[in-house]
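The values are calculated or read from the model by the stated rules, or taken from the named source; none is laboratory data. Bear in mind the structure is a predicted one, so any value in this text is a computation, not a measurement. Virtual Cβ from ideal backbone geometry, glycine too; neighbours counted across all protein chains shown. The protein model used for the area step is the full one, side chains on, heavy atoms only, and it has no ligands, DNA or RNA in it. Shrake-Rupley method; radii C 1.70, N 1.55, O 1.52, S 1.80 Å.
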Amino acid sequence: MLTSLLVAAAISAANPPSPPPFDITTEAPAARDARMAWWRDARFGMFIHWGLYAIPAGEWNGKEYPGAGEWLMNHAKIRPADYTPLRDRFDPVEFDAKRWVAIAKAAGMRYIVITSKHHDGFCLWDSRLTEWDVASTPFRRDILKELAVACRDAGIRLCFYHSIMDWTHPDYLPRRPWDDRPADPSSFPRYKEYMKGQLAELLSGEYGDVGILWFDGEWENTWSHEDGAEIDDFVRSLKPDLIVNNRVDVGREGMQGMTRGGKYRGDYGTPEQEIPATGFPGVDWETCMTMNGSWGFHRKDVNWKGDETLVRMLVDIASKGGNFLLNVGPDELGRIPEASVERLAAMGRWLEVNGEAIYGTGPSVFPKLDWGRCTTRSDGVHRLYLIVFDWPQDGKLLLPGLLDQPTSVGLLASPGRSLAVRTVGAGVEIEVPAVAPDPVATVITVDLAGPPRVIGEPPLDAASSMFVGTVDVRTSAPDGVIVRWTNDGSEPTATSAIFDRSITLTGPATVKARCFLDGRPVGATASRTFTRVSPRPGDRAGGPRPGLAFKRWQGTFDSAAKPFPGQPTQVGEVPSVRIAGPARSDHFGLELAGWITVPADAVYRFSLGSDDGSVLRIGDTTVVENDGPHSMRYAGGEIALGRGAHPILIRYFELDGGDDLDLRWSGPGLEEAAVPASAFTH
């Protein structure tokens, strides 16, 4: 009862009578743009993972757990009662909020996201709702309050990471398998109220003008879309201009981080430890990444990324329209590791000269650049920033497909120094110095009289590069531009056949296509090879029973490529490719077998998602390899199948942490979706 009263008091204090609540589902595009403006301009932020886990620093009872850091409690299977004594050892006497913020500011970072509470539930502020917080440690000081003051004074936006998952709270479900505390199935709603109370504290104003709530830990089966919408509505009712990431809801697809289709909440996608191959036009996203292999401090992890790598990652992300949230893991004394400080300082030195090419810029207008990246600016000027990684040996830098003659071209680091430019058949060519002024990334500015007009490779879109029977290949081009093509591998010329939206291939071919404007070629040549194949004949009508048979092995495995050794510990059947059928736990192998029925002779694409490794075989062909230890990710493959049933086998292994398995398909008349249970028999 006391906890309920405290939660109610916290919510009431943070949410006095106010105008009608903000409804994110009806927000006007202009209002959203205004709310997101500071974040889009910032481009670069500091992620801070810090908590009790910095004390053991990746080791427990004399054993090292590589990559564990903040996940040590899970990886080492530590019971809450054994983990709790770390609170009495937390005394980071060298913590200095001003020092941390100064490091971020010197690096050119515009915002900080710190773990207010990670999965172990420990809180870095003085929460009225729990004693599992910093105020109950020997340190006692409110870390987040000190950071809020330092950020305010330095002009940096403070933001909070907040875990939905909580391994120590008595009301959070599910329990870890080694957690021997009794579980009350009715307790989870109480946990949500506790969570609301803590979020109300963080948004009360005591911690400044909080910019982002960065949620995480949403993937366990107790959290639902309805829960995500409820929390999203709640925090926005307290602070309508708040930015909330997509992990508040359950729409995120694995470590790729982007939200799948549907009405899921969240202002932006969150790719983790990876940079998307291309950007997402009209969609906000932010890559979060470690400098080494760990988020929280890990004493033995010295696998640091280099200065050049980190600068180029920032450039790559900005060129695709994203933000870069780069992590530091302070140690048990409150010190950001010197290796991190040195790398951040190097990034800051580059940004001090070249920040104009990053902050407040838009994505590249070029589909592909062999020598580097491009960002753009259109706020009163029309400027391209060419950020060159690989300096041309012949002194000529090509901008493929650019139709506009620049009004001026120069080096960002040397104002007033002009570079010669001329129009060539494929675009615009710039004469550059013999040696790169900055071997890491040199920025060239290109000013234009109006918005840039760029013609890239014409698309060659088709269902697949393999086909049964015939395949339609589609293309498109801007008004006034003609696409010409060949199907024998030769380069298209001004006399080649005109590609009028689509062509139909009946046999194998290498199609090449190029855009022509006023009779001259512009942009690069697109090329794609198509192969006609015979489908694997359907074997039979399938098995007599619906679903798939499963076998389960208990043990530690690191590959699904070969059969698991020994006898299975469990057998049974499941309706479809989900691991929810067998009981979930760590360290097991799973094999699903039966038949899959396809509706027509065609090429089908399968996408297999898993955490950890998995392999898909149809007949005697390995269609998808998604093997090896990893977090949730998808891998794909194609196979030509005849109408009817085909033997299917999936192997999957789970080490520890999250566990998931999903199979999706697409083909003629089939939009990509999870393979339905009706397709399986055994």
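Overview of values
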item: Which numbered condition LYS63 misses (of (1) more than 29 Å from ARG176 (Cβ to Cβ); (2) among the charged types (D, E, K, R); (3) modelled with pLDDT of 95 or more; (4) surrounded by fewer than 17 Cβ atoms within 10 Å (Cβ to Cβ)); result: (1)
item: Wholly enclosed helices (runs of 4 or more DSSP H) of the stretch 80-197 bearing at least 1 residues within 23 Å of ARG236 (Cβ to Cβ), over 31 Å from the mean Cα position of the chain (by Cα) and modelled with pLDDT under 95; result: none
item: Among the candidates VAL571, VAL577, residue that is part of a loop (DSSP other than H, G, I, E, B), more than 30 Å from ASP370 (Cα to Cα) and either without any contact (Cβ under 8 Å) to a residue 12 or more places away in the chain or of a type in the set (Val, Ile, Thr) (or both); result: VAL577
item: Set THR510, THR525, THR495: member being without any contact (Cβ under 8 Å) to a residue 24 or more places away in the chain, open to solvent by less than 50 Å² (accessible area, probe 1.4 Å) and either in a strand (DSSP E or B) or on the phi < 0 side of the Ramachandran plot (or both); result: THR510
item: Test: SER294 is under 26 Å from LYS368 (Cβ atoms), of a type in the set (S, T, N, Q) and open to solvent by less than 20 Å² (accessible area, probe 1.4 Å); result: no
item: Qualifying positions in the stretch 228-242 - closer than 22 Å to THR287 by Cα and crowded, with 22+ Cβ neighbours inside 10 Å; result: GLY228, ASP232
item: Tally of residues being of a type in the set (Gly, Ala, Ser) and either under 14 Å from ALA600 (Cβ atoms) or assigned to a strand (DSSP E or B) (or both) across the stretch 528-545; result: 1
item: Test: residue in the stretch 636-649 that is open to solvent by 20 Å² or more (accessible area, probe 1.4 Å) and within 24 Å of the chain's Cα centre (by Cα); result: yes
item: Qualifying positions in the stretch 332-355 - open to solvent by less than 10 Å² (accessible area, probe 1.4 Å) and outside any helix (DSSP H, G or I); result: GLY334
item: Elements of type strands (runs of 3 or more DSSP E) in the stretch 356-438, at least 1 residues being under 35 Å from the mean Cα position of the chain (by Cα), over 24 Å from PHE516 (Cβ atoms) and not acidic (Asp, Glu); result: 372-377, 383-388, 408-411
item: The stretch 427-447, subset open to solvent by less than 40 Å² (accessible area, probe 1.4 Å) and touching a residue at least 60 places away in the same chain (Cβ under 8 Å), residue farthest from LEU412 (Cα to Cα); result: GLY427
